[in-house]
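Student: Would you mind keeping the following structure in view while I ask a few things?
No value in this document is a laboratory result; all are computed from the given coordinates. From a predicted model like this one, the values you see are computed outputs, not experimental measurements. Note that each Cβ is placed from the backbone with ideal geometry, even for glycine, and that neighbours are counted across all protein chains shown.
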Amino acid sequence: LAARIESVAQARDAGQPTVPSTLAEELATNPFMRWQQQEVIASAASQRGSNARELAADEVFATIRQWKDNF
């Protein structure tokens with residue numbers, strides 16, 4: 001994820017487009033494509049102030065969506 005952030009920052013600084021990306025890149029870095037991964041679930045739980053085991057799938061997705069909207 002850090003490498004993608006750096007790559008996008010460099011492209012933007014150079015006035016180059018950052019989209020489209022590849023499906024592989026999105027699957028590796030996009031939390032909406034990774035919502036079932038434990039790392040994303042744990043981050044969503046932390047953001048909500050709850051336990052990762054308590055979150056249903058729709059709550060994980062809704063939390064990362066709200067987090068993005070308020071980024």
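Student: Sticking with the crude label model, points 7 Å out along Cα→Cβ, report the distance from L23 to A3 in nm, one decimal please.
Tutor: Between L23 and A3, the simple spin-label model gives 2.1 nm.
Student: About its Cα centre, how strong a charge dipole does the range 31-71 have in debye, to the nearest 20, once Lys and Arg get +1 and Asp and Glu get -1 at the Cβ? Present the calculation step by step, with values, prior to reporting the outcome.
Tutor: On the way: 5 positive and 5 negative charges, 16 e Å.
That gives the range 31-71 a dipole magnitude of about 80 debye.
Student: Something else: In whole Å, what three semi-axes, largest first, describe the equivalent ellipsoid of the chain built from its Cα gyration tensor (square root of 5 times each eigenvalue)? Before the final figure, lay out the partial values.
Tutor: Details: eigenvalues 148, 31, 20 Å².
Equivalent ellipsoid of the chain: 27, 12, 10 Å, largest first.
Student: To the nearest 10 degrees, how steep is helix 57-69 against the longest Cα principal axis of the chain, on a 0 to 90 scale?
Tutor: 50
Student: Tell me the angle of helix 38-48 to the major Cα principal axis of the chain, expressed in degrees between 0 and 90 and rounded to the nearest ten.
Tutor: Its long axis makes an angle of about 70 degrees.
Student: Provide the net charge surrounding S7, with neighbours chosen by a C-beta distance below 15 Å and charges set as Lys +1, Arg +1, Asp -1, Glu -1.
Tutor: Numbers: positive: R4, R12; negative: E6, D13, E25, E26.
Summing Lys and Arg as +1 and Asp and Glu as -1 gives -2.
Student: How far, in nm, would the chain grow between D69 and A56 when pulled straight, counting 0.36 nm per residue and subtracting the alpha carbon separation?
Tutor: Values: separation 13, 0.36 × 13 = 4.68 nm, distance 2.00 nm.
That pair, D69 and A56, stretches by 2.7 nm at full extension.
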